[in-house]
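In what follows, a structure is listed as structure tokens, so that the remarks can point back to it.
The values are calculated or read from the model by the stated rules, or taken from the named source; none is laboratory data. Computed from a predicted model, the values in this text were never measured in an experiment. FYI the Cβ positions are ideal-geometry reconstructions off the backbone, even for glycines, and counts take in every protein chain you see.
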Amino acid sequence: MKDTFEREITYLRISLTDRCNLRCVYCMPPEGVKKRTRLLSLEEIWEIAREAVGLGIKKIRLTGGEPLVRRGMVSLCRELRRLPGLEELTLTTNALLLPRMAAELKGAGVDRVNVSLDTLDAEKYGRITRGGRLEEALAGIRAAREAGLTPLKLNCVLIGGFNDGEIPALASLAQEEPVEVRFIELMPMGEPPGFGPEAYLSCQAVLERLPGLERLPEDGGIAERYRQPGAAGTVGLIRPLSRCFCAQCNRIRLTADGRLKPCLHSREEIPVRGLHGEALRQQIERAIRHKPERHGALSAQLRSEAGRAMHQIGG
């Protein structure tokens, strides 16, 4: 199904929960979720996904919070994988639970995973996640690779003054392994995380510190893709601040409490909880029609109009 700007909307991101086993500074409040959210049931999520796939959605990504903390999510993956017309089922995770879940997820039909990894320094990892252990994340990445949840994408939120000195080290993860290391500009969402203006660093910094990168042809996604000479994998740049990619956006989002967001950075939310059949389909169609041409400008001074923190939307 196309939106009013002739973009084919084929991608649905589903937040399974607003809870997480980490407290990343740019995503979660330090005390975790303050108010208990009435989450959609897994049956409700499946029904919404079924109608969305019937309208042309071909790819579903499960997010959170941390999707792996949602009880029953493996069974949900199995049921989603059976939807006729669904071509790809993926999830984004911090990887901490993958050592015991990766093989089961693969067996349930998950194709691949994206893993959040902002630093290779154990002390800084603990600081940015408020208590996480880098060795557990790396063990999860190994488990995903061994289970065949590939090709892996490693998502690094680029933060000036925190991890910009690690750009070469992070990019080197794609040298020997066929992974994509994706640098993502820090988005000013929710409550300000206490970073200064220098934290909102353009991905141009990656190109400056890796002058040997060679641009690859576009693949239809939102990331600009590059390869270092002789590398097995790639480097991706995602630039919501410095280079708007809204013209290529093909997604809508379902929040854990049952609202469709046509755009990550818009306040508009379309409720779908409790709807079935034709009424549900009409609301999904409405969300697609209401997708704006582009989001507002984002910077250290201009915050997102999303109306929620990242963990409440699902990224």
(request) Among the candidates Arg23, Arg13, Arg70, Arg19, single out the residue that is basic (Lys, Arg), buried (at least 20 other Cβ atoms within 10 Å of the Cβ) and closer than 19 Å to Met189 by Cα. (result) Arg13
(message) One residue is enough: does the range 163-171 have a residue meeting the conditions over 16 Å from the mean Cα position of the chain (by Cα), under 24 Å from Phe245 (Cα atoms), among the small types (Gly, Ala, Ser) and in a loop (DSSP other than H, G, I, E, B)?
(response) no
(message) Condition (residue is of a type in the set (S, T, N, Q) and closer than 20 Å to Arg19 by Cβ) applied to the range 139-154: is it met by at least one residue?
(response) no
(request) Could you identify the single residue in Thr119, Thr90 that is closer than 28 Å to Pro29 by Cα, in a strand (DSSP E or B) and not small (Gly, Ala, Ser)? (result) Thr90
(request) Could you tell me which of the residues Arg253, Arg281 is outside any helix (DSSP H, G or I) and at pLDDT 90 or above? (result) Arg253
(request) Among residues belonging to the range 281-301 that are touching a residue at least 12 places away in the same chain (Cβ under 8 Å) and more than 17 Å from Ile9 (Cα to Cα), point out the one that is surrounded by the fewest Cβ atoms within 10 Å (Cβ to Cβ). (result) Gln301
(message) Can you pull out every residue in the range 61-101 that is of a type in the set (Gly, Ala, Ser), at negative phi and within 16 Å of the chain's Cα centre (by Cα)?
(response) Gly64
(message) Please go through the range 93-115 and give me each residue that is crowded, with 24+ Cβ neighbours inside 10 Å and part of a strand (DSSP E or B), ordered by number.
(response) Thr93, Val113
(request) Specify the residue that is nearest to Arg130 (Cα to Cα); the eligible residues are those in the range 195-211 that are outside any helix (DSSP H, G or I) and more than 22 Å from the chain's Cα centre (by Cα). (result) Gly196
(message) Show the residue pairs meeting these rules: Cβ distance below 7 Å; 6+ apart or different chains; first residue within the range 57-76 and closer than 25 Å to Met1 by Cβ; second residue charged (D, E, K, R).
(response) Lys58/Glu87; Lys58/Glu88; Lys59/Glu87; Lys59/Glu88; Arg61/Arg13; Thr63/Arg13
